[in-house]
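See below for the structure under consideration.
The values are calculated or read from the model by the stated rules, or taken from the named source; none is laboratory data. Predicted, not measured: the structure shown is a model, and the values here were computed from it. All Cβ positions, even for glycine, are placed from backbone atoms using ideal geometry, and neighbour counts span all protein chains on display.
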Amino acid sequence: MTNANQAIHQQITDILDQGAEAVKQVVDAYVANRTAERDMNWLCLQMAKEFGAVMIHTDNAREAIRGGADGREMDEYFETVKEEVAHYQAYYNLVNRTIGKDTEIPVPDIYRYLVTKVEDGKLAPDEAMLEMKSRWPEHHGYMACRGDYVKTQHPWVAKVFGATMEGGAGGWHWCMSQVPQDDEFLTQVAKLQKGIAIDELEHGPEELAELCREYSDDSGVDLNELYTQLREHRYQEVRQRNEQFLYPLTEDQLEVIHQQLLNNTLSGFNLYSKAA
Ligand SMILES: [Fe+2]
Ligand SMILES: [Fe+2]
């Protein structure tokens, strides 16, 4: 990789590391303000999100087969689907251990949290999910992946956002694996999140090095604008996690984190840089 391409990779990795540090502030606020309702809200939504991820990766596999993929090329798709199923099961088991197997799930419509389809070769929200937009606006904002900006850019930009969307959340799983093990619930959370973090930190970000190697100035991408957009997207994850935890942080507190991210004042965790 040339020095210039390496510098781009470093910048994007730094942004992901700072995003993880930003998300840690939401996790800390949740831990300090826990209620049974908050515990179940994030857990049920996360369980549903993993179910959605199973469908996303299944769609990806079908698209790859339609595009001619075969044989050993498909091993990686299989591996990823298997991991997402395991994530779903880990949360599902914790739900059952916490409220009992036959108790109704306390958050309605959770399976409409993440339902996607492939439209013109691109990932798009399904109707079943779109109907819930006003219920989980921050989550929908995160999944939109800065679409208004990305659409106007060279396709390379969409690939970068694709690589940082799912794997970017690996930082959250990591922060959740570090919660103080104060009771049985958090002890189990810490344990299961650790395994998931290791998987998710590789769902996308590992493609970044390759993508940055491909980058050329001919694409006409304004890199500073790209970095700002990636920072805004990390902030959107902070808002999404705050929504998932039923708002432990106020708007004023969120704005402080927003400025930290935009002004590059966080030192960042050594997560993505280590995985890179
Ligand atoms: Fe997952
Ligand atoms: Fe994943």
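Just give me the residues in region 152-189 being under 25 Å from Glu37 (Cβ atoms), hydrophobic (A, V, I, L, M, F, W, C), in a helix (DSSP H, G or I) and more than 14 Å from ligand 2 (Cβ to nearest atom), in sequence order.
Within region 152-189, Cys175, Met176, Phe185, Leu186, Val189 qualify.
Out of Val31, Val95, which single residue is in contact with a helix residue (DSSP H, G or I) (Cβ under 8 Å, 6 or more places away or on another chain), away from ligand 1 (no atom under 16 Å from the Cβ) and in a helix (DSSP H, G or I)?
Answer to the check: Val31.
Would you say Glu37 is out of contact with any His (no Cβ under 7 Å at 6 or more places or on another chain), at pLDDT below 95 and either in a helix (DSSP H, G or I) or under 30 Å from Val256 (Cα atoms) (or both)?
No: the conditions fail for Glu37.
Which numbered condition in (1) surrounded by fewer than 20 Cβ atoms within 10 Å (Cβ to Cβ); (2) farther than 21 Å from Leu208 by Cα; (3) within 16 Å of ligand 1 (Cβ to nearest atom) is the only one that Trp42 fails?
Evaluating Trp42 over (1) surrounded by fewer than 20 Cβ atoms within 10 Å (Cβ to Cβ); (2) farther than 21 Å from Leu208 by Cα; (3) within 16 Å of ligand 1 (Cβ to nearest atom) leaves (1) as the failure.
Taking the conditions exactly as written (closer than 17 Å to Ala169 by Cα and small (Gly, Ala, Ser)), does Gly204 satisfy them or not?
When the stated conditions are applied, Gly204 passes them.
Tally time: how many residues in region 65-89 are within 16 Å of ligand 2 (Cβ to nearest atom) and either without any contact (Cβ under 8 Å) to a residue 12 or more places away in the chain or surrounded by 13 or more Cβ atoms within 10 Å (Cβ to Cβ) (or both)?
Residues in region 65-89 being within 16 Å of ligand 2 (Cβ to nearest atom) and either without any contact (Cβ under 8 Å) to a residue 12 or more places away in the chain or surrounded by 13 or more Cβ atoms within 10 Å (Cβ to Cβ) (or both): 13 in total.
So if I check each of Gly141, Gly162, Gly170, which one is within 17 Å of Val238 (Cα to Cα), at pLDDT below 95 and surrounded by 15 or more Cβ atoms within 10 Å (Cβ to Cβ)?
So the residue among Gly141, Gly162, Gly170 that is within 17 Å of Val238 (Cα to Cα), at pLDDT below 95 and surrounded by 15 or more Cβ atoms within 10 Å (Cβ to Cβ) is Gly170.
Looking for whichever is assigned to a helix (DSSP H, G or I), within 30 Å of Glu184 (Cα to Cα) and in contact (Cβ under 8 Å) with a residue 40 or more places away in the chain here; the options are Leu114, Leu45. Which one fits?
After applying the criteria, what remains is Leu45.
Working carefully through the options Tyr149, Tyr142, find the one that is within 16 Å of ligand 2 (Cβ to nearest atom) and part of a helix (DSSP H, G or I).
Of the residues listed, the single one that is within 16 Å of ligand 2 (Cβ to nearest atom) and part of a helix (DSSP H, G or I) is Tyr142.
Determine which single condition Leu43 fails, assuming it passes every other condition in (1) touching a helix residue (DSSP H, G or I) at 6+ places or on another chain (Cβ under 7 Å); (2) closer than 18 Å to Gly204 by Cα; (3) away from ligand 2 (no atom under 14 Å from the Cβ).
It fails just one condition, (2).
Looking at region 18-34, can you tell me whether even one residue there is more than 16 Å from the chain's Cα centre (by Cα), within 16 Å of ligand 2 (Cβ to nearest atom) and free of Cβ contacts under 8 Å to residues at least 60 places away in the same chain?
Scanning region 18-34, I find no residue that is more than 16 Å from the chain's Cα centre (by Cα), within 16 Å of ligand 2 (Cβ to nearest atom) and free of Cβ contacts under 8 Å to residues at least 60 places away in the same chain, so the answer is no.
Given the structure, is Ala128 among the small types (Gly, Ala, Ser), within 21 Å of the chain's Cα centre (by Cα) and buried (at least 18 other Cβ atoms within 10 Å of the Cβ)?
Judged against the criteria, Ala128 is not a match.
Quick one: Gly220 ticks every box in (1) surrounded by 17 or more Cβ atoms within 10 Å (Cβ to Cβ); (2) farther than 30 Å from Glu79 by Cα; (3) in contact with a His (Cβ under 8 Å, 6 or more places away or on another chain) except a single one, so which number is it?
In the conditions (1) surrounded by 17 or more Cβ atoms within 10 Å (Cβ to Cβ); (2) farther than 30 Å from Glu79 by Cα; (3) in contact with a His (Cβ under 8 Å, 6 or more places away or on another chain), Gly220 misses (1) alone.
Please go through region 233-276 and pick out each residue that is touching a Lys or Arg at 6+ places or on another chain (Cβ under 7 Å) and either surrounded by 15 or more Cβ atoms within 10 Å (Cβ to Cβ) or among the polar types (S, T, N, Q) (or both).
Of everything in region 233-276, those that are touching a Lys or Arg at 6+ places or on another chain (Cβ under 7 Å) and either surrounded by 15 or more Cβ atoms within 10 Å (Cβ to Cβ) or among the polar types (S, T, N, Q) (or both) turn out to be His233, Phe245, Leu246, Leu254, Leu261.
Does Gly121 satisfy being closer than 30 Å to Ala209 by Cα, of a type outside the set (D, E, K, R), away from ligand 2 (no atom under 16 Å from the Cβ) and modelled with pLDDT under 95?
Yes; evaluated as a whole, the condition is true for this residue.
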